[in-house]
Amino acid sequence: MNEMSLSTTPPGLSNYLHEIEAALSAAVQFDADCPDRLREAMQYSLLAPGKRLRPQLVLMACELCDGDTQAAMPAAVAVEMIHAYSLVHDDLPAMDDDDLRRGRPTCHKQFDEATATLVGDALQARAFEILARDVQPPECAARCCCELGRAVGATMLVGGQAADLASEFQQCSLAELEAIHRRKTGALFRVSLRLGAMIADASDGQLAALDDYGDNLGLAFQVIDDLLDVSGSEDHMGKRLGKDAHKGKNTYPAILGIESSQALAEKLIENASVSLGIFGDRAGPLRELALFVRQRNT
Ligand code: GRG
């Protein structure tokens, strides 16, 4: 596996990437009290080459609602930290049991299982610390913490993961599969947009349009992820493929077939773009990001 073969930068979407990388790097510097091995493993997992889709969604939503993207950077960092923690925990032997992530050995392979568990715990705690401390005014920070907590807790991201694990080797309906992915994958996309918009003091109409975009984008992302598991390249994806069938996972290609899954992904991406109608041409970057998700091979 060649880490350099991972194309992590969405073409044309790189405006914020350098700033995001710098902010992520700063977020995992600690004073002397953080044990070296834990800090090294947190940096290894958070700073590994990823597409940074969720922090870009925060910043794009903020800019679209006329906010200051610098003010939204703590939220951008927080959502990427939650994402990185979920990947580290998902890769553990008790969950998906993977040895490769972002073109590198998974955290528990590079370090050990106890360290990987602690990395996830510490990244999650740090995400809320940064959000609560650095978003202004404090009332907005509290609302952001509440929204993020709900989106990644027992009813959404973690709940979706639990439902996904429980559904292995069980027959799911399309509606049940969609409900799992709206929680497991979609909730973090949706809340990323919401945090950026809330920091920009968006109107209810703007928030509703971004919710709609996020719901369609999140589901499309998962349908495409399922398709890539059967037809993608391990070199490009930087992770093992073909695991869904082996693990008895319910997937869109398994339920709908490949062609209908591709058509569904197209439709969801189109819906995502249409959702942004109230923003007119100013929503170009979010529409471009949706097209990147449709065409992605990483
Ligand atoms: C363990 C609490 C807990 C939750 C796990 C998100 C998740 C729930 C599991 C990750 C496993 C997985 C493959 C989910 C499908 C969608 C997904 C999140 C893919 C990875 O996201 P990308 O492609 O990753 O944005 P990069 O590496 O580019 O950041």
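GNM on the chain, alpha-carbon springs under 10 angstrom: the most fluctuating residue among Ala142, Ala114, Ala245 is Ala114. Magnitude of the charge dipole for the chain, about its Cα centre and with charges confined to Cβ atoms of Lys, Arg (+1) and Asp, Glu (-1), is about 200 debye. Among Asp97, Asp229, Asp36, which one moves the most in a GNM of the chain with springs linking Cα atoms closer than 10 Å? Looking only at Asp97, Asp229, Asp36, the largest GNM fluctuation is found for Asp36. Put the Cα centre of the stretch 207-222 next to the Cα centre of the stretch 138-162 and the gap is 17 Å. With 5 Å bins beginning at zero, the pair-distance distribution over Cα atoms of the chain amounts to 1, 6, 12, 17, 19, 19, 14, 8, 4, 1, 0 %. Taking the three principal axes of the alpha carbon atoms in the stretch 85-152, the coordinate ranges are 42, 21, 19 Å, sorted in descending order. In the chain, helical runs assigned H by DSSP with n ≥ 4 each contribute -39500 (n - 2.57); averaged across all residues and rounded to the nearest 500, the mean residue ellipticity at 222 nm is -21000 deg cm²/dmol.
Our summary gives the stretch 3-295 a relative contact order of 22 percent, counting only alpha carbon pairs under 8 angstrom and 6 or more residues apart.
A simple spin-label model places the labels of Asp235 and Asp112 3.6 nm from each other, with each point 7 Å out along Cα-to-Cβ. Mean separation of Cα pairs under 8 Å and 6 or more residues apart, divided by the residue count, gives the stretch 40-190 a relative contact order of 21 percent. Pairs spanning more than 22 Å between alpha-carbon atoms, out of Lys184/Lys239; Lys51/Lys249; Lys247/Lys267; Lys109/Lys247; Lys184/Lys249; Lys109/Lys243: Lys51/Lys249; Lys247/Lys267. Each of Ala175, His83, Ala61 was placed along the dipole of the chain (beta-carbon charges, centred on the mean Cα), and the one lying farthest toward the positive end is Ala175. Apply the membrane-span-like helix rule to the chain: whole DSSP H runs, Cα extent along the own long axis of at least 24 Å, mean Kyte-Doolittle hydropathy at least 0.0. List the helices found. Within the chain the helices that satisfy the rule are 69-90, 113-134, 204-231, 258-275.
Label-to-label distance, Leu38 versus Gln295, with points set 7 angstrom from Cα along the beta-carbon direction: 4.3 nm. Of the chymotrypsin sites (Phe, Trp or Tyr not before Pro) found in the stretch 129-216, the ones in coil according to DSSP and having at most 16 other Cβ atoms within 10 Å of their Cβ are Phe169.
For Leu100, nonlocal amide neighbours, meaning residues 5 or more places apart or on other chains whose placed amide H falls under 5 Å from its own, are Thr106, Arg240.
The numbers here are math on the coordinates, done by the rules we state, and not lab data. What you see is a predicted model; the values in this text were computed from it and never measured. Every residue, glycine among them, receives a Cβ derived from its backbone with ideal geometry; neighbour counts consider all protein chains shown.
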